[in-house]
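Worksheet: the structure to be examined is printed underneath.
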Amino acid sequence: SSVGYSGVLFAWMVISTLERREPTCPIPFLNDVCFSTYSMGQFKFNVAPVVSLFVAQFIMPRVSFMGHLAGIICGFGLHWGWPPIELGSPNVLIGGVFLVGNL
């Protein structure tokens, strides 16, 4: 099984729903099925991307469930501030590559 770009789109869907102030309606033509964003301290959560995952899986059973779920998990992680931005700096990345290569 292969994972395409749709996992990245699910990650962006998570980030966009968490940044919105109004409720998110994940199912087209069903404007009554909308979900608000809840926050617990610095962590926000919206169930709309998870509903979109199950709707996509129901409509197209052969889509990559794990790829979409991984995108949702990564979207929440990115919005909540994980991984720290310092891990992406060249000093850390190059040192990490050399460290792993010498193991």
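Those residues that are among the β-branched types (V, I, T) and either part of a strand (DSSP E or B) or surrounded by fewer than 17 Cβ atoms within 10 Å (Cβ to Cβ) (or both), I need them from the range 34-66; list them, please.
First, the residues of the range 34-66 that are among the β-branched types (V, I, T): 37, 47, 50-51, 55, 59, 63.
Once the filter is applied, which keeps residues that are among the β-branched types (V, I, T) and either part of a strand (DSSP E or B) or surrounded by fewer than 17 Cβ atoms within 10 Å (Cβ to Cβ) (or both), the range 34-66 yields V47, V51, V55, I59, V63.
Looking at the range 39-64, which of the residues that are aromatic (F, W, Y) and modelled with pLDDT of 90 or more is nearest to F10 (Cα to Cα)?
The first filter runs over the range 39-64 and keeps only residues aromatic (F, W, Y), leaving 43, 45, 54, 58.
Filter again for modelled with pLDDT of 90 or more, leaving 45, 54, 58.
Details: F45: 14, F54: 12, F58: 16 Å.
If we take residues in the range 39-64 being aromatic (F, W, Y) and modelled with pLDDT of 90 or more, then F54 is nearest to F10 (Cα to Cα).
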Check your understanding: Regarding G81, is this residue surrounded by 10 or more Cβ atoms within 10 Å (Cβ to Cβ), of a type outside the set (A, V, I, L, M, F, W, C) and within 21 Å of W12 (Cα to Cα)?
Key -> yes
Revision key, fill the gap. Checked pairs for the range 5-18, first touching a residue at least 12 places away in the same chain (Cβ under 8 Å), second β-branched (V, I, T), C-beta under 6 Å and 6 or more apart or across chains, list as F10/I72; V14/I72; T17/T24; L18/T37
Revision key, fill the gap. Within the range 1-33, of all residues that are surrounded by 16 or more Cβ atoms within 10 Å (Cβ to Cβ) and small (G, A, S), the one nearest to the chain's Cα centre (by Cα) is A11
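The values are calculated or read from the model by the stated rules, or taken from the named source; none is laboratory data. Quantities reported herein were computed from a predicted structural model and do not represent experimental measurements. Cβ: placed from backbone, ideal geometry, glycine included. Neighbour counts: every protein chain shown.
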